[in-house]
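A short worksheet on the structure shown next.
The values are calculated or read from the model by the stated rules, or taken from the named source; none is laboratory data. Note that the structure is predicted; figures quoted are calculated from it, not measured. Please note: Cβ atoms are built from the backbone with ideal geometry, for glycine as well, and neighbour counts cover all protein chains shown.
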Amino acid sequence: MQSPRRRSVDLEAGFAGDDGVRQEMAVYHGGGGSVVAESRNPARRFRVSEREEVYGSHDEDTTRVAARLLSQSEEPVQVVGIGIPVSCPDEFLGIKLEELASISRDGGLSVLKRFDGVSGLSPLLHTDLEKGICGDDDDILKRREVFGANTYPLKKEGNFWMCLVKASRGFTLIVLVCAAMASLLLQIKTKTINHGWYEEVGIIVAVILVVFVTAISNYNQSLQFENLNDEKRKICVEVPADGVLVSGYSLQIGEYESMGINRTVLKDTNIDPILISGSKVEDGIGTMLVTSVGMNTQWRMPMDCVPLYTGKETPLQVRFIGEWPFYVCLLQFFIHLLKPFNPRYFMGRTKNTDGSPMFDAGKTTLDEAIDMVIKFIILGVTIVVAAVPEGLPLAVTLNIAYMTRKLRGEKALVQKLSACEAMGSATTLVCHKTGILTLNQMEVVDVCAGGVQTQNLDTMAQLLPPLLISLIIEGIALNTNGSVYHPEGQSEPEVFGSATERAILNFGVKFGMNFDEVKSTSTIFRVSPFNSSRKRRGVAVQLHDSQVRVHWKGAAKTILASCQWYMDMDNIAAMDQEKIIHFEKTIEDMCNKGLRCAALAYRTFPEGDIHRNEAFPNIPESNLVLLAIIGIEDSCRPGIRDAIQQCRNAGIKMCMVTGDDLLTAKAIAKECGILTATSDTDTHANATILASDFASMSEVEREEIVENILVMGRSSPDENLLLLEELSKKGHVVAATGKGIRDAPSLRQADISLAMGIGGTAITKECSDIIILDDEFPSIVTVIKWGRSLYTNVQRFVQFRLTVSASALIICVVVAVHSHEVPLNVAQLLWINLLIDTFGAWALASEPPIDNLMRKPPVRKGEPFITKLMWAKFVVQVGYQVTALLLINFHGGSILKLENKSLDHANKVKNTLIFNSFVFCQVFNEFECRTPDQRHIFRGILKNHLFLGTVTVTVILQVIVIECLGIFISTVRLDWKQWLISIAIGFLSQVAGRFPFQAFPYLRN
């Protein structure tokens, strides 16, 4: 019996059914030489773990290694070589590693000929061209020792110390430390070491704390993204390999990335058999012998050369890194810096808090003047620290990190961070039918053959004559890229191949097909592989009686158009117009049931003395005899209708593209809910369209109808790309799915590209922004929901951060202009920034998606990020905080009844209360910002443990700072009444920010 491995792994690059799935050349690595090739059968997928060394065996599960197209890395790749063993085991003395590696380089064909081609090379590698390597433990160890392992060095991200250095480079932080150090030395000189260092050291400690917290946060995010990269390596990356073609049909290889030349090469076993890692299979079938793996391949790229997280800013991050707030505040800083040189200062008209002049001619010493300059420097930096919202990019990063981690649990792997943001703005989703909207579990349920049409396949064989059955079985067994294997001790055979191939092969098994026996009675000498444009696959075979027979299968209408005859029981009858109409009506009825229609046809050529390769340069496609029309059912996924309805409610237009007949596509679209029974087709004249009709239109006509298209039938990757281009011209944010290697241009054109983790090829995964690991459409809806949640969470933090910045800036500027002092000093503002930029970002980044996100329209391009409602809440909140805290600043003595206290103590109590109240205003403002729609402020809050934990830690730390660390930040302890006043001011900030919108509902609009 023939080896099941040989039959099950033959690879065809091209369509594996009408769903448009393209296949890639794959290799089985056995250290240094193995037969390689594989079908894209989900049941036969093998994965490569991150650091695992890959071997293969004939008896065990074999690991696949694909020669694939890698996207260019954003950073230079460091190539690391490996040592070559000095001695080799006796088994491999006939071949050296250098010689094997030279086969895939320039002049490699001459090296191959020196070994007498593949047939002479395989014995030296102890590799059977049919069965592969032996594969026992000793064999594997020897091969790994001699030929190297299928591993690549992985480049690691920066360590914690690099994050610490980066966090300490902030200009304002450097200025603060320098000014604090100068002030510290001057204060020690003038006030002695026992009293002159507390506030300045508090500033330095606060800066160090800010730097460490920022570094820890950034380092944690880099670790999360490193884990994301590891996950991607496990799922997407196939280990490349060099090799030699053993056999193949019409094998076209794209050498775009591997050779640096934009070309497609037709490979054959004589003229050009060398296959290079990094190439991709454009078309055809092939089996190859691996000659070099891992770091010995010609294209020695490390595993992390695929697009991974590199720290590049996303659009939202770039949007918030603008430098204009910094320059505005820098101008304010210089204004404060010039105050000591203002004529009013030298005239003694600027006063201290006790009413004394700041400059007294003849009495103010040089040290005091220098100290005044330093204080004004610190005052200016305080304004910068208060006003510049430096935490906005960090907030975006935290949100993206949180989202990517959560999406991994939702069966989605994010590869391009900007896709997280774009997904929330998607207006159109262009989705393939097979394997995404449907289960891709196909079964033949309706057959028309020999004048008989039935859905009972178990009894159909009894209704047809033996000759017709034998021809159908022959056409199924010979014209396939799948295989049937009968395991010992099992009654049911194992069927391998694509979903469509498995369905047809199972149909043949029900007809009594003996797959290996049919294969053994004929010789295939010409193959025409399936592709998405021709919609058919053909083989030319020589039978044992020297007859040549051609078998075709493919789309039913395409095959029917090539048939001039049909098989009617035992006779071949001419195809008249009445029969053509009958068969077309049969196909139409099957399509209306949502079935995928295929047809089988053949043609026999009598024995002749013409050599078969000369007689058949191409397989004849005309004058065929129709054998059967079969209807294949591919059921919709459970829950697909509800998921598509969610997209409709969210304002996202669904557009289904498929290679199926338009009638089949319409039936499936109605079952899924893309098309309703009447409304969509009645409202839009072009809701359903053939791809060929769309492509034949002028550009103006396409632009007029493209927004109406909901279903496109008989669509190829080129026509899908045309559809995406037209949608982009109309301003749509388009998300598109892809599965095969020819979908790569469409994925690059889309704003958000989605690859399928199970049914997709490695090429599409690497070209995509997001990989849907389970191929489920509801997972795509989940990604959309999280994308919208990301956008909303960033809006929450922006509103929160701008409120803090504006309030602190206005308070500091007003008080500084009035009294040349600030109620919030540098250490306090650094502490506030730490609480806001870090803890506030964590709290608001952790909000999960809410249900009403999918009941709102998507955010269109060009829409302002800060909405009118956000502006209204911002104005109200800032107005309240500024008014309340300025009232405390200017009238705090009477309000707090501090008239009998010393002036210095009263000022410290007042400023401490302002600082404490300001912090509690922000704590309560966090609750307000987490509910942007002004409803249900505490909805779901008990489930958000991170939010509650962050707020609790903020309050605890604030109590510790006020009660225990006041000496370092110039605060004093507060009594219980003053604590209640602080909390009340903070609580009333929420009331003030909510009451106008509750009392006047029109403000919400």
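General remarks:
- Scanning the range 409-422 for any residue that is surrounded by fewer than 24 Cβ atoms within 10 Å (Cβ to Cβ), in the same structural domain as Glu725 (by TED's automatic domain parsing) and in a strand (DSSP E or B) turns up at least one such residue.
- For the range 982-1002, taking the residues that are of a type in the set (Phe, Trp, Tyr) and either modelled with pLDDT of 80 or more or surrounded by 12 or more Cβ atoms within 10 Å (Cβ to Cβ) (or both), the one that is nearest to the chain's Cα centre (by Cα) is identified as Phe997.
- Sole residue being among the charged types (D, E, K, R) and more than 19 Å from Ala426 (Cβ to Cβ), chosen from Glu707, Glu703: Glu703
- Pairs, first under 22 Å from Met295 (Cα atoms) and assigned to a helix (DSSP H, G or I) in the range 123-148, second modelled with pLDDT of 80 or more and among the aromatic types (Phe, Trp, Tyr), C-beta under 9 Å, six or more apart: Leu124/Phe115
- In summary, Asp743 fulfils each of the numbered conditions (1) under 22 Å from Asp661 (Cβ atoms); (2) outside any helix (DSSP H, G or I) with the single exception of condition (2).
- All positions within the range 489-514 that are assigned to a loop (DSSP other than H, G, I, E, B), touching a residue at least 60 places away in the same chain (Cβ under 8 Å) and not polar (S, T, N, Q): Gly497
- Some residue of the range 152-162 being at pLDDT below 65 and more than 30 Å from Val396 (Cα to Cα): yes
- The range 539-563 - residue that is among the polar types (S, T, N, Q) and in contact with a strand residue (DSSP E or B) (Cβ under 7 Å, 6 or more places away or on another chain) and, of those, surrounded by the fewest Cβ atoms within 10 Å (Cβ to Cβ): Gln547
- Some residue of the range 818-835 being over 24 Å from the mean Cα position of the chain (by Cα), among the acidic types (Asp, Glu) and not in a helix (DSSP H, G or I): yes
- Ile981 meets each of the listed conditions (1) out of contact with any Asp or Glu (no Cβ under 9 Å at 6 or more places or on another chain); (2) in contact (Cβ under 8 Å) with a residue 60 or more places away in the chain; (3) under 22 Å from Gln799 (Cβ atoms); (4) not small (Gly, Ala, Ser) apart from (3).
- Residue match in the range 908-931 (condition: surrounded by fewer than 21 Cβ atoms within 10 Å (Cβ to Cβ), more than 15 Å from Ser982 (Cα to Cα) and at pLDDT below 85): yes
- Flag if Leu948 is aliphatic (A, V, I, L, M), surrounded by 22 or more Cβ atoms within 10 Å (Cβ to Cβ) and out of contact with any His (no Cβ under 7 Å at 6 or more places or on another chain): no
- Thr428 meets each of the listed conditions (1) closer than 30 Å to Thr764 by Cβ; (2) outside the structural domain of Gly713 (by TED's automatic domain parsing) apart from (2).
- Test: Val951 is at pLDDT 90 or above, of a type in the set (A, V, I, L, M, F, W, C) and within 36 Å of the chain's Cα centre (by Cα): yes
- Unique match (being small (Gly, Ala, Ser) and part of a loop (DSSP other than H, G, I, E, B)) among Gly840, Gly862: Gly862
- Residue selected from the range 455-478 under the condition within 47 Å of the chain's Cα centre (by Cα) and over 25 Å from Arg603 (Cβ atoms), by the criterion surrounded by the most Cβ atoms within 10 Å (Cβ to Cβ): Leu457
- Residue within the range 893-904 that is assigned to a helix (DSSP H, G or I) and closer than 18 Å to Leu802 by Cα present: no
- Whichever residue in the range 258-297 is among the aliphatic types (A, V, I, L, M), over 13 Å from Gly243 (Cα atoms) and part of a loop (DSSP other than H, G, I, E, B) and, among such residues, is modelled with the highest pLDDT: Ile271
- Flag if Lys593 is basic (Lys, Arg) and either closer than 26 Å to Asn618 by Cα or crowded, with 23+ Cβ neighbours inside 10 Å (or both): no
- Given (1) assigned to a helix (DSSP H, G or I); (2) within 38 Å of the chain's Cα centre (by Cα), number of the condition Ile937 does not satisfy: (1)
- Selected residue (only one of Arg526, Arg536 is in contact with a Gly (Cβ under 6 Å, 6 or more places away or on another chain), among the basic types (Lys, Arg) and crowded, with 19+ Cβ neighbours inside 10 Å): Arg536
- The range 845-858 - residue that is of a type in the set (A, V, I, L, M, F, W, C) and modelled with pLDDT of 85 or more and, of those, nearest to Ala395 (Cα to Cα): Leu853
- Lone unmet requirement of (1) in contact (Cβ under 8 Å) with a residue 40 or more places away in the chain; (2) closer than 16 Å to Cys448 by Cα; (3) not polar (S, T, N, Q) for Lys579: (1)
- Hey, Leu802 surrounded by fewer than 21 Cβ atoms within 10 Å (Cβ to Cβ) and in contact with a strand residue (DSSP E or B) (Cβ under 7 Å, 6 or more places away or on another chain) or not: no
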